[in-house]
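Working notes for the structure below.
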Amino acid sequence: MRFIADLHIHSKYSRATSKDMSPESIWKWAQLKGISVIGTGDFTHPKWFKELNEKLETADNGLFRLRKDFRADDIPDLCTADVFFMLSAEISCIYSKNKKTRKIHSILFVPDFTVAAKINIALSKIGNLNADGRPILGLDAKELLKIVMNESPDAMLVPAHAWTPHFSVFGAESGFDSLEECFEELTPHIHAVETGLSSDPLMNWRLSALDRITLISNSDAHSPSKIGREANIFDTEISYKSIIDSLKTRKGFSGTIEFFPEEGKYHYDGHRLCGISLSPRETIKHNYLCPVCDKRVTVGVMHRVEKLADRGNGFKQKNAPPFYSIIPLPEIIAEALKVGVNSKAVDREYQNLLNKLGNEFKILMDVPLKDIEKASSPLIREAISRMRKGDVHIAPGYDGEYGKIKIFEAVERKEIKGQSMLF
């Protein structure tokens, strides 16, 4: 069975996260997006662990369902679908290794609350799990992997957003140059890597060291509407075991849904305070210093990939699963209407499309363009057509600033509007 899974999100107990990230809201938005399996996030936080225990019930597939008494009844009919939860968490490990401070984020997947509780007990002896839904621990990432493996052979650790500069296994500021440098003899137990918003599989294929690794994508959402901005496509039965086996073997792993990587916050190099965005070549030309303030720039993902790659740009790994680059539907609507993405007009049109055509992924990837035009407008039809072809314009993100993505030029907007008048 083909389905979409977003396995890395956060709860309302994580820093800088919406109070609306509750099990009920996550369940609702998973359906609006078209997600069948959603990570719980943050099972290490005591209050969230308790809430998950109260509101979820065991399904017969090793996953969990939201209890019926917590489910809303305002889901559009065409979006209504089963949603399963998978217990997940993200851990921030900050430690010193090889005379350098390391800051590595990892995602944990576990099969049940018993295993989650055992991991929580082990981690609580190292740091404070109450402080943040994504706890910060003075723990070597390799030792975290040991803990996970010791508590259950069915649990899995995946390096999170592997290329971001400050908190990742390959990050320019605090990471490593290889998985082996980080995890040493335990590296064979790393089966998957999360590529992050600022990179895509095409960039990761340039490293032959990742050929055996399953490249996954998740939203890392901090608010309900961001769920599914990146996700994974599976073609297996919907169960915990099938998902984990697929991540280990790639059998049944059918690809990923991606941001255009240039839209990510760390694609290019730069210095946000000075408004300076640099390509890797420009950074080298400026000796890694900001041309405005003369301080060191933040080295982004594109530069870091270029440094570690042993293959040329554009290399495609043989038999690799495909990936699909998308723009979130509210962003498309906002550009078409020339209003802010959080405006009431965007929300109205978003709800209109969901009611008429189904969930967001279906609209972005599968619904025939003529049906989109019939349900909405020629402008939105054209915008989605161009997105599907990758015909977009992007000013790359840098140093914590999201990239600016545009589909239409002003003259094109006028022409399309004029064409719609003819019909």
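Being assigned by TED's automatic domain parsing to the domain that holds Arg229 and over 12 Å from Gly133 (Cβ atoms) narrows it down to one residue among Ala59, Ala89; which is it?
Ala59
State which residue is nearest to Ala16 (Cα to Cα) when the search covers only the range 123-133 and only residues that are among the hydrophobic types (A, V, I, L, M, F, W, C) and surrounded by 15 or more Cβ atoms within 10 Å (Cβ to Cβ).
This residue is Leu129.
Being small (Gly, Ala, Ser), surrounded by fewer than 20 Cβ atoms within 10 Å (Cβ to Cβ) and modelled with pLDDT of 95 or more narrows it down to one of Ser219, Ser239, so name that one.
Result: Ser239 is the single residue among Ser219, Ser239 that is small (Gly, Ala, Ser), surrounded by fewer than 20 Cβ atoms within 10 Å (Cβ to Cβ) and modelled with pLDDT of 95 or more.
For the range 244-260, state whether one or more residues are of a type in the set (Phe, Trp, Tyr), within 21 Å of Pro153 (Cα to Cα) and not in a strand (DSSP E or B).
No, the range 244-260 contains no residue that is of a type in the set (Phe, Trp, Tyr), within 21 Å of Pro153 (Cα to Cα) and not in a strand (DSSP E or B).
Does the range 123-178 hold any residues that are basic (Lys, Arg) and in contact (Cβ under 8 Å) with a residue 60 or more places away in the chain, and which are they?
Result: Arg134, single match.
Could you list, in sequence order, the residues of the range 327-377 that are out of contact with any Cys (no Cβ under 9 Å at 6 or more places or on another chain), in a helix (DSSP H, G or I), in contact (Cβ under 8 Å) with a residue 40 or more places away in the chain and not charged (D, E, K, R)?
Pro330, Ile332, Ile333, Ala336, Gln351, Leu357, Phe361, Met365 - these are the residues of the range 327-377 that are out of contact with any Cys (no Cβ under 9 Å at 6 or more places or on another chain), in a helix (DSSP H, G or I), in contact (Cβ under 8 Å) with a residue 40 or more places away in the chain and not charged (D, E, K, R).
Pick from the range 363-387 the residues that are of a type outside the set (A, V, I, L, M, F, W, C) and buried (at least 16 other Cβ atoms within 10 Å of the Cβ): which of them is nearest to the chain's Cα centre (by Cα)?
Arg386
I'd like the residue in the range 130-153 that is of a type in the set (Asp, Glu) and out of contact with any strand residue (DSSP E or B) (no Cβ under 7 Å at 6 or more places or on another chain) and, out of all such residues, is nearest to Phe49 (Cα to Cα).
Applying the filter and picking the extreme gives Asp132.
As an exercise: evaluate Thr214 against (1) within 30 Å of Lys19 (Cβ to Cβ); (2) in contact with a helix residue (DSSP H, G or I) (Cβ under 8 Å, 6 or more places away or on another chain) and give the number of the one condition it does not meet.
(1)
The values are calculated or read from the model by the stated rules, or taken from the named source; none is laboratory data. As the structure is a prediction and not an experimental result, all values here were calculated from the model. Note that each Cβ is placed from the backbone with ideal geometry, even for glycine, and that neighbours are counted across all protein chains shown.
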